Every structure is written in structure tokens, then in C-alpha cells.
Protein chains: 4
Amino acid sequence: MKKLTFIILVSVIAFSTSFGQRKIVNLPDLPGYVTLKCDFHMHTVFSDGDVWPTVRIDEALRDGLDAIAITDHLEYIPKKDFVPADFNAAWKIGEGYAKTRNLILIHGAEITRKMPPGHINALFITDAALIAKDSVWDAIEAAVKQGAFLQWNHPGWKAQQPDGIPRLYDIHLKLIKNGWLNGIEFYNDSEYYPLVFNMCKQYNLALMGNSDAHGIISELYNKPEYINRPMTLVFAKERSTAALKEAMFAGRTMVWFRDMLAGREEYAKPFFYQCISVGKPYFSDEKNIYFEVTNRSDIPFYLINGTKDAPATITLAANSVTGIALSKKVKSPLVYDVRNILTGEKDVLRVEINPNQVP
Amino acid sequence: MKKLTFIILVSVIAFSTSFGQRKIVNLPDLPGYVTLKCDFHMHTVFSDGDVWPTVRIDEALRDGLDAIAITDHLEYIPKKDFVPADFNAAWKIGEGYAKTRNLILIHGAEITRKMPPGHINALFITDAALIAKDSVWDAIEAAVKQGAFLQWNHPGWKAQQPDGIPRLYDIHLKLIKNGWLNGIEFYNDSEYYPLVFNMCKQYNLALMGNSDAHGIISELYNKPEYINRPMTLVFAKERSTAALKEAMFAGRTMVWFRDMLAGREEYAKPFFYQCISVGKPYFSDEKNIYFEVTNRSDIPFYLINGTKDAPATITLAANSVTGIALSKKVKSPLVYDVRNILTGEKDVLRVEINPNQVP
Amino acid sequence: MKKLTFIILVSVIAFSTSFGQRKIVNLPDLPGYVTLKCDFHMHTVFSDGDVWPTVRIDEALRDGLDAIAITDHLEYIPKKDFVPADFNAAWKIGEGYAKTRNLILIHGAEITRKMPPGHINALFITDAALIAKDSVWDAIEAAVKQGAFLQWNHPGWKAQQPDGIPRLYDIHLKLIKNGWLNGIEFYNDSEYYPLVFNMCKQYNLALMGNSDAHGIISELYNKPEYINRPMTLVFAKERSTAALKEAMFAGRTMVWFRDMLAGREEYAKPFFYQCISVGKPYFSDEKNIYFEVTNRSDIPFYLINGTKDAPATITLAANSVTGIALSKKVKSPLVYDVRNILTGEKDVLRVEINPNQVP
Amino acid sequence: MKKLTFIILVSVIAFSTSFGQRKIVNLPDLPGYVTLKCDFHMHTVFSDGDVWPTVRIDEALRDGLDAIAITDHLEYIPKKDFVPADFNAAWKIGEGYAKTRNLILIHGAEITRKMPPGHINALFITDAALIAKDSVWDAIEAAVKQGAFLQWNHPGWKAQQPDGIPRLYDIHLKLIKNGWLNGIEFYNDSEYYPLVFNMCKQYNLALMGNSDAHGIISELYNKPEYINRPMTLVFAKERSTAALKEAMFAGRTMVWFRDMLAGREEYAKPFFYQCISVGKPYFSDEKNIYFEVTNRSDIPFYLINGTKDAPATITLAANSVTGIALSKKVKSPLVYDVRNILTGEKDVLRVEINPNQVP
């Protein structure tokens, strides 16, 4: 029974206390922007999820997130015999809880239809109940009226798109034309959809990456190779709801899951260079100079297709310093492909790694 | 058989390669100094250790160390029927290997006698064979002639000091008088000796903390609560052998094992403040203001004995951000004892944690 | 959205499927009995817990349990603004789910009052709604009428018993006299109450050990030293609800948490001997014989106070074989105290470990 | 310094002690045979390995092995400037150490030549020095004279066989004809060579699987997916050196690494059926019966290509019980391929899984 604990907690808060910790996720800011770690898609017992809304907030703190949206289904409420439909329940329960813990909670809901248009998250809304309309177009219009950012979820989900290939249907194109579709999930849970890159580039939409968690995050992503849950990195002017929203509408996002980053080159390139630093040579012998590359991020980088006579591949492990022996025969700059930073459906980031030579 | 692998490796190095990674240990520098992570006591098959010298270097990189000393016993060579005594063997094998990997390898040896004086590590020597003398005094004198820093090892080790209480014998006092004893182990393996703090303060010696590893580091310190092996943090003017030596003779050290730091207040206080940052209030309600304390180090800090009406205790978890609800009734600065930063045999560091108020 | 997944799942079940796995917990049966691993105290969103009832069943399978009771509070329903009180909700949701997964789900409820009598779990009930009475005595009587096994929860919980000392109040004694109180929690969550041993012995009640989980089991017990959650081991005639109930009323239980077992000697002794086997000597030299002790259980055993000239202490690690060198001088049987098997408030089990000599 | 510790250890042994534990590896015996877990290929500082021989024995106990062979190279002694060549050193150091710990240590050496014949381990020898001959044929003959079991190592190792395809050269065929080649490595370190299956079947040789460890086992195989190091499972009449040797010459082996087992069907089939047990139905409803399959081994089994209307795939997780819902429409026996039990270069084991019906 937590009754007394709860009472004690409340009164202790009244007389000062400290909360649980938010983990530091090592990802750099971009010049002029702060990098917000976000997950904009998850469920609770108010639709088909397994947990109470405060669990989602505690999980987010533990994972070091800055912002989440709880997005219970508007049309799929399988627990309604026991938990009456209340489309704003998670928001009402979570708002204050998040505020005292310095987590940005985004009011959201999932418009849940068959394909097309499939499932669409409405984010930054003010009243989910007003969006629960029979016609999907009416629902979307109601969300837009509330200033919503609309995200098309898992466009290649096989339950709705059996061949797994995302396609823009007429309704999507119409939404885009209206400026009403603002982002598409590239990552959803453990899936990703490479073609989404093309759609986002063509129509200037934000790449999104989210967990779509129904169960418990620490059980879903408990293997070391996951590093963290799937997330959307948003480059915002400051750490606030308004700045987050502005950045998302402006499409300033990258997505991250496991050891794979994806984003437009204009964000991916400075992001990579903010993660690493290249040292001056620390030693040399007859044949080689030796220098170090420091990767201060939680993401390893796999450099491949190296310049002739340079190491063909280099792994820059996360939070590590990598020593490199470079043949003195190498005169040209060291150029590499970063195998795990996607900048397009079939493109990866190309970077230079040059020892910081003493002049 | 690694023969071909070795040949391949050598030729690859000739034509560039990258080495294994050195982990980043999150510990701050002090103003004007770089913090070098060091372990000055370990063994190999050249005395009673279980591994080849290069293993010690690989282990050090994996643990994120800047410097190690391999200190095989001069007088205890139990493997000599199979491995002939060569007091400089580890140095000869390791010197080049360490150089190409940017690890500072200190030439060392352990003078291994019964108490008094017990075991003494000679560090920064040039030829261990010249130190292998019958008389302990001759041995020490030979080491000093080579410019050695002398460290008294595990002064409370029960095999030599059955009551576990470190004592300065005449020979130690004589060494100190000569300026020949320069540091004492406060941590050795899993033991620590609180009284060493007094000795080091009284005679201005460096506090030392080392693994004294005979077996395999990753097996000896494989539990999460160990965080890392025992180590000596040295505050050096730069990352070089010479600067390291200067700092050690000057006594600019702290020691770290598990979640316990120890060092003089003049180092411990700025070290703590470099680890943490205190934010502006991010929220307030009728009763409280809410602010965050960020601990960017790998060491958690346990704040206790808090100011009246402030949280009585606060845990600043490692690499985490801690939210604090502070009663508006609290008008005085927030003062805490840091339970796990020792500044003397029975003293802990006292710190202030005040929200960075908007003026 | 799990809608389609759910539909697919259902149809797949219709056409055969396999469920998630139940971990094998290595604990022996007793002669004539099967050892059922049980947790009789936990909460869901239907009182002050954080999860849906099916989560409790999935957790139980993952932990290798045979039986659980979900015991939401009857009098403390803090989520009732969003989740209407339904005292039988967890049972209704979980019954079929548990059946298809071969987990014994016990219908239960927690009668939640101030001390005395404190909190009492009614187990093996048929309708929790009928137990929700104003008077605690009426509530208990209603439970008994349904055939309930009554368990007094956390009798030394400081929120109700500030000095932490469990006490039998008049109402408890009256319940015992009526045969209505059948067990007392020795373990609750991370606490244990040694004095409960005396009460259970004096009045022939069952020792109980339970998690009282409100949050998520895999997060609450995620450290290696926990081994598993707290649990009650019940020695039943077969693996069925009826046999479980019979065994509990007969008091045939032990309790387990971390590396500590507790139970009456009549169960603890055969349990220990079922866990281990002692081998014939595999080697001998001038001074010693060498033999092995195999511990096939998930619990380590710490043997202390060994017979003269025998090893003073022996650790029989879990799921391991321990080699023992025994001096030939030892003529008497090897007798040890098992430090982590409690058989009374201040008693531990005494055992013999003798090599299985060739005749 | 371990001097005193060592002395204490010795005297304690004289007066009884207990050694470190040998982990229990959950793998069944076959009818009439005991399954010995073995690794017949590893190195120490006496050739190009990194550790002292006793480390290999400690590692083997920790991994739950029954037998190991230390097989230092006869022709490749890169550390000889510091460690003089002594081909029997590891045996001399390890023999007594292994005996008191009940580990079977096999005297071995690696004949290390270019391809053909490549590298050949001589196992169960009596004096490695007598095998160090210039001519490889002389070396092999000398080993055979000592009664050696000869194992061809890593036949597809790219350093010797650049296309990775194992080939029997004339010398191998000649050895086979003489009855002098007795086994071939199917697993070596992290590699495996499917074609070895054909060679072993055609010429009736033992399949072998070994670590070929040079570094530290706990660092080489420290990921959960490895489960354990590569090993050879030998089906011996008893746990003794002689019985092990007899079984190996008789070819009664399987090999195991990660979650992949390989061996002839005559061993693989009973091995699988000893690992699992199939229960009686525990529940049934309109459409299905429900039954459990228990896998008491450390190896998961992946059943695929299931009978029509039965689950298409079933994962029997290690040390777990799997529940299965089986459509009542299924009338024929349930037949599956076990994807991770190889019985030939391209074959997997086919098994039946039928609920143990009440008659």
C-alpha cells in the first residue's frame, strides 16, 4: 500500500526533496541550437498500453529524454470496460508530474484509421476529445485547428501495408499540400522505412523516430546493442515547448536508434563534427604518425572506404578515444564514409578526419 | 597461432591502422591542471602476476587510464624456474607498445621486504636491476639515485601488520627526513587505510591508490559497484611523464575507488565543484522552487546533513541530473556534507549547493 | 497500435501458437511434495499499482513462478477518478490469460486498515466486492466465509508501526483463536521481520514472503544480488490451486529473498539436502582428501563454524560444484551452520557435509 | 605481493580448504555416456598466449569444463627472449593444479606448419619436446608413437587458406589412411567450417570445437549471446582421461558455440531429446489444447517448418518452459526442423514434439 508513502512524499515535497535522476545522454548540441531528445509516440492503459501515464514520465527521465508525447488511440480503446474512454486522461495525470520533474510533456493523441491514411499522431494539441470525429478528415482538421503537428506513423507497417513499402496516397498528398502533414516516422519501434527519407526530402517534412511503446521501455530495450530507445533529436532554439514546436515545424530533426543515425546532411554533418575531436600527433616513428580521435557521444561511428594507404576502416567507439597509426605516405586528406549515419535513402555521410598537425 | 596475424598487424601498421579504444573516464580537470588517471602498482609473469606485460597496457586503455607503472617484485620471483629473473623485462616489452598507444608507462619495481619497511614501489626509475640489492637501504638509495618517487605500499596489510594499523617505523621516518618517501597507499586492491591520511598530511606526502593487480583486471573489478579499479588521480600541468612526476612529488593527488574519493580539501573542493553544475529554477509553485543539479562525473555524490527545511539528503547520481524541490521557507544557503569525499581520517567535504537564481 | 497484432494473435492461437517462456527456477521439490514458487501480494492500476493485470502474469512467468495473487486494496483506490473501483477487475482480466499460460492465479484482495489489524490479504476468495465492508471485522468475516486464507501483511512496516517491531494485538489474537489468521509476511518487498518467526511457530501459521509490487518487477529487482523477487515457497501435494491452498493452510512454506531462506527446520533441512549432493573423493595426497559438493539450486549457501581442522567456512555457490580439500586429520563428521538458512528468529540450520566415501 | 597469501593458502590446504567453484553447465548426458565439456586448443606465455597456465585452468572451472588441453606452439615461440622454450612447461605447471581441482588436463602441443598440413594439435602426449622435429612427418610420427590423438586445426583459416575453403591435401589423406588423423576443428574461435562435416563423415573423424584462446577467455566471450566459449562435447563412458581418449578416438563428439550445436544425427537426436521434455496438456478450450515443452539445457532450440496448423515456429528458450496452444485440427504428429542443430554440411535435425497425451 502506497497511501502513507504518498502522503509522506507529498509533505516532504512541501518541505523540500530531491527527485529521481535524469540520465545524461551524451549527444552534442548544434551551433545555435540545443539538441532535445524526444519520443513522440507511446501508449498507456487509456488505450492499449500496459502502464499508467506517470510510468511513461519516469521512463523518459531514466532514458535522459527532454520531451515525450503520450499518444493514446482515439478509436481503439480495448480496455474501456474497465477504464472509461477519456482522451485527455494521460495529459491530465501527467501534466503536473512532468512539470515538477522538468520533462516537457506534449499533449498528443493518435488518430487511428485503416490505410490510407493509416495512423497519424496529433502533437501539441489542446483537447483530444475534440479530435475524436467519425471522419478522418474532420479529425485532422480539428487537430490542425488546435495548432497540431501531424506525424504519419509507421507508414510501412505490414499490418496496414503488407509489402512493407510506404506509399503516399492521395489523402497524404492533399494533407501535404495543405501544410497539414509535418513529419513521418522513419523509425517506429524496431522497424525503419528507408523510403521515408525521400518523402521527407521532397516535401520538406521532419524525419521522426519513436518507440510506439505499449509495454515497458526497460523491458523492450534491455539489450546493450539498443543503447537507448528509438528517438527523435530535435534542434531547438531553447529547451521549451514552444521552441520544440518551432523546430519540428521547421523540420530540424534527426532520428536515432541502436547505432544508426539518420538525418539531412545539413544536420548530420555538424552533428558528427560536434561528436568528435581529432588530436595532434602524439608520436611518430619512421613509417607512421600516431594521433587520436575522441568520440564524446553515446553513438559509435563506423568509418569505411578510407583514403588509399590510410586505415581502410576505423571504428570510433562511443565515449572513447581511438588511436590511429597513419602511414607517412598518406599526403591527401583522410576521407571516409560514416556507414551508420544515413543522409538519404541510400546515402551515408562523407567526412574528413585529419590529424590536427602542429604547424 | 597468432604468427601470421602478427605479421599482418605489423604490415598494416606500416600502412596505417587504428588501435583499440581508450574509454573516456568522466572526471574533471582542475583549474590549471589536467587530471591524470593512474595505477602505480601491478604485476606480471615476471614476478607473481598471471599475465604478460602488454595485457596490463591493454587493460589500462580499456579502463581509460593515462598512466600505469608495472612494478614486479625484485625479491620474489616464484616463476623463475620457467621465466628467468629480468627486473626490467616488463619495461622492455611494454615501452614501445605503450608509446604507440599514447599510454604513459612508468618504469617501476617493487622493493619487497618484511615490515619494516614493508613493500616500497620505486617509480620513474631507469634500471631496476641496479636496485636489486641485499640491503633494503642500499636498494632505496639506488632507486633515489635514479630519481625515483618512492611509494610505501599497503601499510596496513594484515600479512605484515596483523592488527591492520599502519605505523611509521624508524626507517620510514628516516626516509621521510631524507625526502625519500614520497607517497603512501591509501587504497590497495580492495583495502583502505584511513590513518594514511594523517601521515600524508603531517609529512606532506602524496595519497596513493592502486590496484596491486596480480590477476586479470576485468575479472577482479567486474561488478557494477566497483565503477572502475582503484586509482590515483594526479593533477599535472600537462599529460606527460615529466609533468606527472612533478605533480606526484608535489603531492597533487586524490585517490578513488568504488564510490569513495579521498584527498586534501584544497583538491577535493574544486574537484567536486568541477563535477557538478547547479541550474536556475525551472519551476515553482506555492511552496517550492524546483531546480536541477547536474553531475557530469562517473562518481555519485551523497549529500547529507542538509540545512533545515532543505532536503536532508540528496544523491547526485553519476552522469545524471537531479531535480530538487526546495521549500520557499529556506532562506539560508544550502550546505551539505559529501559523505563519500574524505578530506581527512575522519573528515568529509562540506559544500554549498545553491540554485543559480535569476537576479 | 496493437489492434491488428491482437487480432492476428487471437487467430494464430486459434491455429496454434507458442507463448512466452517461463524461466526454470532451480529449487528442489521435497519428498512427497512439489515446491511451488509463489508471490501473494501485488497491485495494479485497479488500486495504487502502475500496471495492467496481465503485466503481473507476464512478470510471473518470466520469474518462473507457479502462482500469484493480485491483491488490490479494497479501501485505497487513488486512481478512481480515471479507473472506477471494481474490486474483482484484476481477477476478471487475468483469469483466462493465466489459464492458457499455466500460471495459477489466486483471486485476492487487500483489506487495508490502520494498525491494528493493519493490512490483511484475503487469498482464494470468490468475490472481492462482498468483502468491501466498513467494519474490518465484517470484511474479514466475509472473506472467511468465502474460504479465504488470511495473511497479515508487513507487520513491522514503519508507516504503521514506527519502531518496526511487529506486535500481535488483541484483534490478531482473536483472529488466530478463530483460526482465521493463517499466515504472516516475514518478507515484504525489501524488508523482513525476524519476530514473525516466533509468531508463526507459536500459533502454527505459515511464513509468507511477497513482493508487494506497485511498480515494475524487472525494475524493482534488477540487481544481480537480488537473484529473484521475494517469494513464498509452498510444499504442495501437486501443482494445482486446491493443493496450493491445502499446503498453505497446513503451513508448509518457506520464504526466499536475495540469498536468504527462512523456514521451519522440518522443511529447511530436507530442502537443503535436496539442493546439494556430496561426491566421492576424486583425489588424495599425503595430507588431504579432495571431494566435491554440488549445489544445483539458484541459492548460494554459506557454511560457517566448521568442525576443527575442516575448512572453517565453505561457500557453495549457486548452480556450482565446490572442491574441498579435507585434512586427513579430520576424523569426525563435518558439521556446519548454514548462515543464510534461518530456522528461527535467531537460529540457523545445522547440517552435515560428509564425503561419500568409497566403502 | 602474493608471497604470504601463497604460504597461507598452502598451509590452509594442509588443514583443509575449499576451492573456487566450477559452474554447472546444463547439458544432458546420453544414455550410457557422460557428456564431457572440453576445449582442446589454447595458448599461454610459453608460446604466443598472454597468460600463465594456471589461468587456463581457473578459466575452465569458471566455464564449467571437464577437460582442457593447453597446446602451445612447438615452432612459434615469440616470447623466447624472455621465456625460454620449454615445450612441456604448461603441463608441468598445470598438472598438479588441475588434479586438486578435479579438472582433466590433457598434455598437448600444436605442430605449427604452413599449409599443408597446416596446424595440428597432438593431444594425450607424454613429452612435447620429443615432437619438436624439423620434418612435419617426423613430428607427427613422434606424436603418434606417444599415442596422440591428432586434430587438424582451423582448416579454413584464411591466413593459410585464403578462400576459406578447407581442403584435404595428400598429406592429410595419407595421415587418414594411417589412422593418424583423428579429428578436425569445425569451430575455432569465432569461425566455423561447414565442409569439415563432410570430411568427418567420410573418414569417420571426430568433429572438434575449440577456443584457440590466446587472450583472456572472460574478455573474449563476454557477450550474453556467446553463452559460453566454443567447446567439444565428448560422450565418454566415464569422467576420466582414459575414457575421454577412448571416446575421442571413437568419434563420439558434438561441438557447441553460441546457440549452434553440430554433430552426427546418432548423437544429436538423443542429445536433443535428453534436453527437452514434453508435458501433458494442462488446459484446453473449444479450439486448442495447451501443453508445455521444458528445455533444461543452456542452449535454446529454434523449431521451424512446423506441421500444418501447428505453430510454424517454436523457440524453446534455454532453461525455460514454453507453452504451446495447439489447434484441435492438428491430427498428425508435430514434426519440426531444429534450425540450430546441424547434422551435416547442409542438414539440420528433424524432431517430433508431441504432447504427452493422457491415454
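Collect the residues in the range C:294-305 that are open to solvent by less than 30 Å² (accessible area, probe 1.4 Å) and within 8 Å of chain D (Cβ to nearest Cβ), keeping them in residue-number order.
C:Thr294
Kindly indicate the residue of the range B:1-40 that is at pLDDT below 70, more than 8 Å from chain A (Cβ to nearest Cβ) and assigned to a loop (DSSP other than H, G, I, E, B) and also most open to solvent (accessible area, probe 1.4 Å) among those meeting that condition.
Per the stated criteria, the residue is B:Lys2.
Report yes if some residue within the range A:342-353 is of a type outside the set (Phe, Trp, Tyr) and under 13 Å from A:Glu292 (Cα atoms); otherwise report no. Steps first, please.
To start, the set of residues in the range A:342-353 that are of a type outside the set (Phe, Trp, Tyr) comprises A:342-353.
So of that shortlist, the ones also under 13 Å from A:Glu292 (Cα atoms) come out as A:353.
Yes: the range A:342-353 contains one or more residues that are of a type outside the set (Phe, Trp, Tyr) and under 13 Å from A:Glu292 (Cα atoms).
When you check C:Ile276 against the structure, is it farther than 29 Å from C:Gly118 by Cβ and β-branched (Val, Ile, Thr), yes or no?
yes
Does at least one position in the range D:96-119 carry a residue that is in a helix (DSSP H, G or I), aromatic (Phe, Trp, Tyr) and either open to solvent by less than 40 Å² (accessible area, probe 1.4 Å) or without any contact (Cβ under 8 Å) to a residue 60 or more places away in the chain (or both)?
Filtering the range D:96-119 for residues in a helix (DSSP H, G or I) gives D:96-100.
Restricting the remaining residues to those that are aromatic (Phe, Trp, Tyr) gives D:97.
Okay, now just the ones that are also either open to solvent by less than 40 Å² (accessible area, probe 1.4 Å) or without any contact (Cβ under 8 Å) to a residue 60 or more places away in the chain (or both), so D:97.
Yes, that holds for at least one residue.
Identify, please: which residue in the range C:41-78 is open to solvent by 20 Å² or more (accessible area, probe 1.4 Å), within 12 Å of chain A (Cβ to nearest Cβ) and of a type in the set (D, E, K, R) and is, among those, nearest to D:Ala318 (Cα to Cα)?
C:Arg62
Could you grab me the full set of residues in the range C:120-134 that are within 12 Å of another protein chain (Cβ to nearest Cβ) and open to solvent by 10 Å² or more (accessible area, probe 1.4 Å)?
Start the filter on the range C:120-134 by keeping residues that are within 12 Å of another protein chain (Cβ to nearest Cβ), which leaves C:120-121.
Correct list: empty.
Which numbered condition trips up D:Ala85, out of (1) open to solvent by 30 Å² or more (accessible area, probe 1.4 Å); (2) small (Gly, Ala, Ser); (3) within 14 Å of chain C (Cβ to nearest Cβ)?
(3)
Check every one of the strands (runs of 3 or more DSSP E) wholly within the range D:245-306 and list those with 2 or more residues that are in contact (Cβ under 8 Å) with a residue 12 or more places away in the chain, within 18 Å of D:Ile353 (Cα to Cα) and small (Gly, Ala, Ser). Lay out the reasoning, then the answer.
On the way: elements: D:253-257, D:260-263, D:276-278, D:288-295, D:301-304.
Counting at least 2 such residues, we get no strands (runs of 3 or more DSSP E) at all.
Which residues, taken from the range A:338-356, are crowded, with 18+ Cβ neighbours inside 10 Å, closer than 27 Å to B:Leu103 by Cα and not hydrophobic (A, V, I, L, M, F, W, C)?
A:Pro355
Do we find that B:Thr313 is open to solvent by 10 Å² or more (accessible area, probe 1.4 Å) and in contact (Cβ under 8 Å) with a residue 24 or more places away in the chain in this structure? Explain how you work it out, then say what you get.
Details: open to solvent by 10 Å² or more (accessible area, probe 1.4 Å): yes; in contact (Cβ under 8 Å) with a residue 24 or more places away in the chain: no.
Considered against the rule, which asks whether it is open to solvent by 10 Å² or more (accessible area, probe 1.4 Å) and in contact (Cβ under 8 Å) with a residue 24 or more places away in the chain, B:Thr313 comes out as no.
Matching residues to (1) closer than 30 Å to A:Thr100 by Cβ; (2) surrounded by 19 or more Cβ atoms within 10 Å (Cβ to Cβ); (3) under 11 Å from the mean Cα position of the chain (by Cα):
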{"position": "B:Ser240", "(1), (2), (3)": "no, no, no"}
{"position": "B:Ala247", "(1), (2), (3)": "no, yes, no"}
{"position": "B:Trp256", "(1), (2), (3)": "no, yes, yes"}
{"position": "B:Lys280", "(1), (2), (3)": "yes, no, no"}
{"position": "B:Asp285", "(1), (2), (3)": "yes, no, no"}
{"position": "B:Tyr290", "(1), (2), (3)": "yes, yes, no"}
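State whether the residues of the range A:290-298 include one that is under 28 Å from B:Ala60 (Cα atoms) and touching a Lys or Arg at 6+ places or on another chain (Cβ under 7 Å).
Looking through the range A:290-298, at least one residue is under 28 Å from B:Ala60 (Cα atoms) and touching a Lys or Arg at 6+ places or on another chain (Cβ under 7 Å).
Tally the residues that are within 13 Å of chain D (Cβ to nearest Cβ) and surrounded by 16 or more Cβ atoms within 10 Å (Cβ to Cβ), restricting the search to the range C:266-278.
Selection size over the range C:266-278: 3.
If you go through the range A:41-84 one residue at a time, how many are outside any loop (DSSP other than H, G, I, E, B) and farther than 25 Å from A:Pro155 by Cβ? Working first, answer last.
Looking only at the range A:41-84, we keep the residues that are outside any loop (DSSP other than H, G, I, E, B), and these are A:42, A:51, A:53-62, A:67-70, A:73.
Keeping just the survivors that are farther than 25 Å from A:Pro155 by Cβ gives A:51, A:53-55, A:57-59, A:61-62.
So the count comes out to 9.
Taking B:Met231 as meeting all but one of (1) under 13 Å from B:Leu207 (Cα atoms); (2) of a type in the set (A, V, I, L, M); (3) surrounded by fewer than 17 Cβ atoms within 10 Å (Cβ to Cβ), write down the number of the exception.
(3)
Can you tell me which of (1) more than 9 Å from chain B (Cβ to nearest Cβ); (2) in contact with a helix residue (DSSP H, G or I) (Cβ under 6 Å, 6 or more places away or on another chain) is the one A:Lys346 doesn't meet?
(2)
Any chance the range C:318-337 includes a residue that's in contact with a Leu (Cβ under 9 Å, 6 or more places away or on another chain), at the interface with chain D (Cβ under 9 Å from one of its Cβ atoms), open to solvent by 20 Å² or more (accessible area, probe 1.4 Å) and over 20 Å from C:Asp29 (Cβ atoms)?
No, there is no match, as no residue in the range C:318-337 is in contact with a Leu (Cβ under 9 Å, 6 or more places away or on another chain), at the interface with chain D (Cβ under 9 Å from one of its Cβ atoms), open to solvent by 20 Å² or more (accessible area, probe 1.4 Å) and over 20 Å from C:Asp29 (Cβ atoms).
The values are calculated or read from the model by the stated rules, or taken from the named source; none is laboratory data. Since this is a predicted model, take the numbers as computed values, not measurements. Virtual Cβ from ideal backbone geometry, glycine too; neighbours counted across all protein chains shown. We work out accessible area using only protein heavy atoms, side chains counted, and drop any ligands, DNA or RNA first. Shrake-Rupley method; radii C 1.70, N 1.55, O 1.52, S 1.80 Å.
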